[in-house]
Amino acid sequence: MAAITSAYSSLNFGETIGAGNNHFGSMYEADDFAFLPNVDPATFVDEFQKSSTVDHRIKFHTGTTTLGFKFKHGVIIAVDSRATAGSYIASQTVKKVIEINPFLLGTMAGGAADCSFWERLLAKQCRIYQLRNRERISVAAASKILSNMVYQYKGMGLSMGTMVCGWDKRGPGLYYVDNDGQRTTNYMFSVGSGSTYAYGVMDTGYKYDMTPEEAYDLGRKSIMHATHRDAMSGGVVNLYHMKEDGWVKVSQTDVSQMYYQSLEEN
């Protein structure tokens, strides 16, 4: 700790220290983070995560269940609301959907602070794009901006697995972006510790030409069954529907009530 204290004491926070004045290309500008002088951030974080010689190791204990899928009438996003710190349930009311703008949504899985910060920064960049170009940003471009931003900090300890969904000129879009800058698109994603359980339910019940009500039911059931099997997931199911005229929040349903109701029905 003495070495860390010494390093911080010599740091002049009035000066900009970082990888450069512009992380995102000529169009996207942001302030740099202040790093410890003469210390490589990736090596510094890696030592505290993996080394057995330090007194206090940093290890993320994450857990959640989020999902999204495209169908005939748009995109469904469903998430649980439990936040955990190891075996401790920190909250049952976390809002894991970031409302970027009326036509874009982002989900949170991993470190709550990382997801919240980077997706809110993405919202700022999307608004700047709209003001400069006088049109809404596409889902592909928004996800690419997020990917480019977090890639600059690859290996520095970020914890983020997010989906970005929306509706643009090309119709509904759904992308997955993680803390290493990996970015991919597909018709269905589930992210988090309960994702394997959610995938099982979605794969069984998914049809492209579902009605909206059938899609809502599939999203709720997928999260509910995941929370039943995964101790890190729970709380309520927050369900969103991305339509051509923007997203709507469909429902907020307690997973315990859903589970006992399903037992009675069966």
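The values are calculated or read from the model by the stated rules, or taken from the named source; none is laboratory data. Owing to the predicted nature of the structure, the values given are computational and were not obtained by experimental measurement. A quick note on method: Cβ atoms are made from the backbone with ideal geometry, for glycine too, and the neighbour counts reach across all protein chains shown. Ligands, DNA and RNA are excluded from the accessible area calculation, which covers all protein heavy atoms including side chains. Shrake-Rupley method; radii C 1.70, N 1.55, O 1.52, S 1.80 Å.
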Open item on the list: Taking a cut-off of 16 Å, what percent of all Cα-Cα pairs in the stretch 126-195 are separated by more than that?
Closed with: 52
Open item on the list: In whole percent, and with a 1.4 Å probe on the protein chains, what portion of the accessible area of the stretch 127-196 is carbon and sulfur?
Closed with: 44
Open item on the list: Heavy atoms of the protein only, probe of 1.4 Å, neighbouring chains included. What is the accessible area of H73 in Å², nearest 10?
Closed with: 80
TODO: Describe numerically, in nm with one decimal, the distance between label points set 7 Å from Cα along Cα→Cβ at D180 and at T43.
DONE: 2.2
Task: Estimated inter-spin distance, S87 and E265, nm [label 7 Å along Cα→Cβ] - done: 3.4
Open item on the list: Could you report the accessible area of I89 in Å², rounded to 10, computed with a 1.4 Å probe on the protein chains as they sit in the structure?
Closed with: 70
